1. Looking for something loosely packed, with under 15 Cβ neighbours inside 10 Å, under 30 Å from ILE136 (Cβ atoms) and of a type in the set (Asp, Glu) - is there at least one such residue anywhere in the stretch 75-91?
2. I want to confirm something. Restricting to the stretch 96-148 and keeping residues that are assigned to a strand (DSSP E or B) and β-branched (Val, Ile, Thr), which single residue is farthest from ARG159 (Cα to Cα)?
3. I need the full set of residues from the stretch 24-83 which are farther than 27 Å from GLU107 by Cβ and not in a helix (DSSP H, G or I), in order please.
4. Report yes if some residue within the stretch 56-67 is touching a residue at least 12 places away in the same chain (Cβ under 8 Å) and within 12 Å of the chain's Cα centre (by Cα); otherwise report no.
5. Any chance the stretch 96-103 includes a residue that's under 15 Å from the mean Cα position of the chain (by Cα) and either crowded, with 17+ Cβ neighbours inside 10 Å or not assigned by TED's automatic domain parsing to the domain that holds VAL153 (or both)?
6. Would the stretch 10-21 turn up any residue that is touching a Phe, Trp or Tyr at 6+ places or on another chain (Cβ under 9 Å), touching a residue at least 12 places away in the same chain (Cβ under 8 Å) and in the same structural domain as GLN139 (by TED's automatic domain parsing)?
Amino acid sequence: MPTVMFRKFEKVCAILKKYNNDPGRLITILQEVQEEYRYLPEEVMAFVATSLGLSPAKVFGVASFYAHFALVPKGKYVIRLCDGTACHVKGSDGILQALYRKLGLDEKVPTTPDMLFTVETVACLGACGLAPVMVINEQVYGQMSPEKAVELVEDIRVREGSGNV
């Protein structure tokens, strides 16, 4: 059974080993685990907790406290749309609605079934001079419009070989 468990969590074990199973490195470990899975699966958090000698509640508490951590699967492309004051005034809600329509999403279902896109709103991206602002993964797009946002999504779909929605 331990061999089967190790194979199932082989990449997690490598991350834990990299940080010498140091519970003081929990946040860094969770960040790397999330990079691997694109979110923090419950069974992986339990495995990390056990491996670090921490309670699962402690690990879940840390993961749920920080907004950076995702407890549900996210798409390959995470679209974060700023809804801060400057962006909101310049029409970020129209962009959000256009993305929702294009991708068949809403606030309750933010990720496409093919796991290609997740759409989120954030309070501020710190680029008010470029309002309205959208970030796809780490790429910043300023002075967005609903049409430009939809065009970016279409371009990604073409690159990914999945055509138009």
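The values are calculated or read from the model by the stated rules, or taken from the named source; none is laboratory data. If you're wondering where the values come from, they're calculated on a predicted model, not measured in any experiment. Virtual Cβ from ideal backbone geometry, glycine too; neighbours counted across all protein chains shown.
1. no
2. VAL122
3. Residues satisfying the conditions are GLY53, LEU54, SER55.
4. Scanning the stretch 56-67, I find no residue that is touching a residue at least 12 places away in the same chain (Cβ under 8 Å) and within 12 Å of the chain's Cα centre (by Cα), so the answer is no.
5. So far as the stretch 96-103 goes, no, none of its residues is under 15 Å from the mean Cα position of the chain (by Cα) and either crowded, with 17+ Cβ neighbours inside 10 Å or not assigned by TED's automatic domain parsing to the domain that holds VAL153 (or both).
6. Among the residues of the stretch 10-21, not one is touching a Phe, Trp or Tyr at 6+ places or on another chain (Cβ under 9 Å), touching a residue at least 12 places away in the same chain (Cβ under 8 Å) and in the same structural domain as GLN139 (by TED's automatic domain parsing), which makes the answer no.
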